[in-house]
Amino acid sequence: MFTGIITGIGHIESIVDAGDRSFRIGSDWDCAAIDIGASIACSGVCLTVVQRDANSFLVTASAETLGVTTAGNWAVGDQINLERALKIGDELGGHLVSGHVDGLAEIKSIETSGDSHIVWLQAPADLAKFIAAKGSIALDGVSLTVNAVDGCLFLLNIIPHTWSVTGWARSAVGQKMNMEIDMLARYVARLSDFSKE
């Protein structure tokens, strides 16, 4: 489990395709202290550490993960948001995030408003019902609050701190982002489906 509060920016050092695809990710963290088998959210995708040295760690993504997340398009040199798994007793500053990507949202517009950025995104039609104004959403692993919803479109107001310390500063119109809907919304919808049966 994660919180959607990004604690590092990593960069893809190398990629190896050998059955599954492996990514070596460089980081300012003390990577030697990361346990083999640890889960790390890499731009919102929960991946398992299989090797590490002092300055980098290696994760492997299956064909399924590559097909439904932006990881399938990662290239050497790309920067990605990083978050270590939540520990019991840690501060829950964002919202509960599993690292299981539901789909890809597309940035439709970016405008400035004061020091903040106003961003409209489009969700896949089958996921739009899970997005609510004042609800939470994770995009590329970043916990955010939805300001408004219009059909499949939703609006975010991103403060300067979040913009500067995550991958948002490199975002562009047309870009796809890993989207994880709020866990509570998922279960409420499931219970609602059962009540209709």
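The values are calculated or read from the model by the stated rules, or taken from the named source; none is laboratory data. Predicted model only: the values in this text are computed from it and were never measured. Here the Cβ positions follow ideal geometry from the backbone for every residue, glycine too, while neighbour counts run over all protein chains shown.
Values for this structure:
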| item | result |
| --- | --- |
| Count of residues meeting criterion [polar (S, T, N, Q) and buried (at least 17 other Cβ atoms within 10 Å of the Cβ)] in segment 145-174 | 3 |
| Single residue of segment 166-182 satisfying the filter (in a helix (DSSP H, G or I) and within 14 Å of the chain's Cα centre (by Cα)) that is modelled with the lowest pLDDT | Gly167 |
| Cβ-Cβ under 6 Å pairs, at least 6 apart or on other chains, segment 163-181 side over 16 Å from His117 (Cα atoms), far side crowded, with 16+ Cβ neighbours inside 10 Å and among the polar types (S, T, N, Q) | Lys176/Thr70; Asn178/Ser43; Asn178/Thr69; Asn178/Thr70 |
| Segment 21-57 - residue that is among the charged types (D, E, K, R) and either within 21 Å of the chain's Cα centre (by Cα) or not in a strand (DSSP E or B) (or both) and, of those, farthest from Ala138 (Cα to Cα) | Asp53 |
| Scan of segment 1-33 for residues that are over 22 Å from Asn73 (Cβ atoms) and surrounded by fewer than 17 Cβ atoms within 10 Å (Cβ to Cβ), ordered by number | Met1, Thr7, Asp28, Asp30, Ala32, Ala33 |
| Residue match in segment 23-42 (condition: touching a Cys at 6+ places or on another chain (Cβ under 9 Å) and either free of Cβ contacts under 8 Å to residues at least 24 places away in the same chain or within 30 Å of Tyr187 (Cβ to Cβ) (or both)) | yes |
